[in-house]
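So the structure is just underneath, and the comments pick up after that.
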Amino acid sequence: MHQAMTQMNLQSQHVISDITGTTGLAIVDAILAGQRDAKELAALRDPRIKVGAEVIEKCLCGNSRDEHLFTLESSRKFHRFYQEQIAACEVNIERLLQQFDARVDPSRSLCRWTASGIAAQPSVAKSSAARKTSSISEPKPIS
């Protein structure tokens, strides 16, 4: 969406940091609905944006060629589609997590081994020491 707006000479990235935020999407949707008046578009800004409407208005004076509007519309449709897919994924993950939680006994942890716990295990410590010394040969006496 940023690229399409830049091609339209709408320099919104200088005043709106996130085009997918409340203000950015409101402006994009208004442009796609046919609004071209920069003053009207600037009035859509969210009150949390520190930059005034006058500055936003100056950044939204551009041209609206058909090919750029097509690109902007396509980008907005993809954005909506991705948001829907993310929401569906989150619902599915939440459902799976609830099923998973019902089968797991929280008193039994699968991660009982810690770094100090592994070193304290005699078989692990012994095999580790054996590996270190096996590569070192005994010094030969000088005759």
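Expressed in nm to one decimal, what extension gain is obtained for the pair LEU97 and HIS2 from 0.36 nm per residue of sequence separation less their Cα-Cα distance? Before the final figure, lay out each step's value.
Numbers: separation 95, 0.36 × 95 = 34.20 nm, distance 3.59 nm.
Between LEU97 and HIS2, full extension yields 30.6 nm more.
Under 1.5 on a/c is rounded, so check that first for the stretch 2-89, then, if it is not, pick prolate when a/b is larger than b/c and oblate when it is not; a ≥ b ≥ c are the square roots of the alpha carbon gyration tensor eigenvalues. Verdict is oblate for the stretch 2-89.
Working from label points 7 Å from Cα in the Cα-to-Cβ sense, the GLN11 to GLU73 distance is 2.8 nm.
Using DSSP to call loops (not H, G, I, E or B), can you name the trypsin sites (Lys or Arg not before Pro) in the stretch 43-90 whose Cβ has at most 10 other Cβ atoms within 10 angstrom? Before the final figure, lay out the partial values.
Details: sites: ARG45, ARG48, LYS50, LYS58, ARG65, ARG76, LYS77, ARG80; in loops: ARG45, ARG48, LYS50, ARG65.
Within the stretch 43-90, the qualifying trypsin sites (Lys or Arg not before Pro) (loop, at most 10 other Cβ atoms within 10 Å) are ARG48, LYS50.
None of the figures in this text is laboratory data; all of them are computed from the coordinates on show. Quick caveat: nothing in here was measured; it's all calculated off a predicted structure. Reconstructed Cβ throughout: ideal geometry from the backbone, glycine too, with neighbour counts over all protein chains shown.
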